[in-house]
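*Asks:* Structure in structure tokens, see below.
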């Protein structure tokens, strides 16, 4: 016997409605990380050398850290690359010369840090292949390959 509730609903209709609502909230909860799992990253490519004593004004926010980690007298911004990363999708940034590029991949994302794989490749050879953990709003400095009279340093920061 199918007993009708007020409004014309049966007990089975109410069970079905509750099940559908529960399923909707369950799948909504688990789909949020995949749709919002995006990290805004900024990679600044810096030329560090002992040729002169110039500090690029755009590097004021990291100048103190550069000086404490590296022994150079000049820091010049070569490139500023903002990018949006999603898990396990590589973003490729072409270098200024043919055969040179950087690959950046978001390999892990947690509430308090993002893990990135960064590769710098020249003519098929890895010049740099590393992983870093970034906290929101913090900058990580990575010493890179030789370039001209100095070396390249990567300043990597994120927001998520």
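The values are calculated or read from the model by the stated rules, or taken from the named source; none is laboratory data. From a predicted model like this one, the values you see are computed outputs, not experimental measurements. Backbone-built Cβ (ideal geometry, glycine too); neighbour counts: all protein chains shown.
*Asks:* Residue check, residue 52 against (1) surrounded by 13 or more Cβ atoms within 10 Å (Cβ to Cβ); (2) farther than 20 Å from residue 145 by Cβ; (3) modelled with pLDDT under 95, all met but one. Which one?
*Replies:* Looking at each condition in turn, residue 52 falls short on (1).
*Asks:* What's the total number of residues in region 67-121 that are touching a residue at least 24 places away in the same chain (Cβ under 8 Å), more than 12 Å from the chain's Cα centre (by Cα), under 16 Å from residue 132 (Cα atoms) and in a loop (DSSP other than H, G, I, E, B)?
*Replies:* Residues in region 67-121 being touching a residue at least 24 places away in the same chain (Cβ under 8 Å), more than 12 Å from the chain's Cα centre (by Cα), under 16 Å from residue 132 (Cα atoms) and in a loop (DSSP other than H, G, I, E, B): 1 in total.
*Asks:* Something else now. Test each condition in (1) at pLDDT below 95; (2) surrounded by 15 or more Cβ atoms within 10 Å (Cβ to Cβ) for residue 112 and report the one that comes out false.
*Replies:* For residue 112, the exception is condition (2).
*Asks:* Does at least one position in region 1-13 carry a residue that is part of a strand (DSSP E or B), modelled with pLDDT under 85 and surrounded by 11 or more Cβ atoms within 10 Å (Cβ to Cβ)?
*Replies:* Here is the first cut: in region 1-13, the ones part of a strand (DSSP E or B) are 4, 10.
Applying the additional criterion that residues be modelled with pLDDT under 85 yields 4, 10.
Next, only the ones that are surrounded by 11 or more Cβ atoms within 10 Å (Cβ to Cβ) stay: 10.
Yes - at least one qualifying residue is present in region 1-13.
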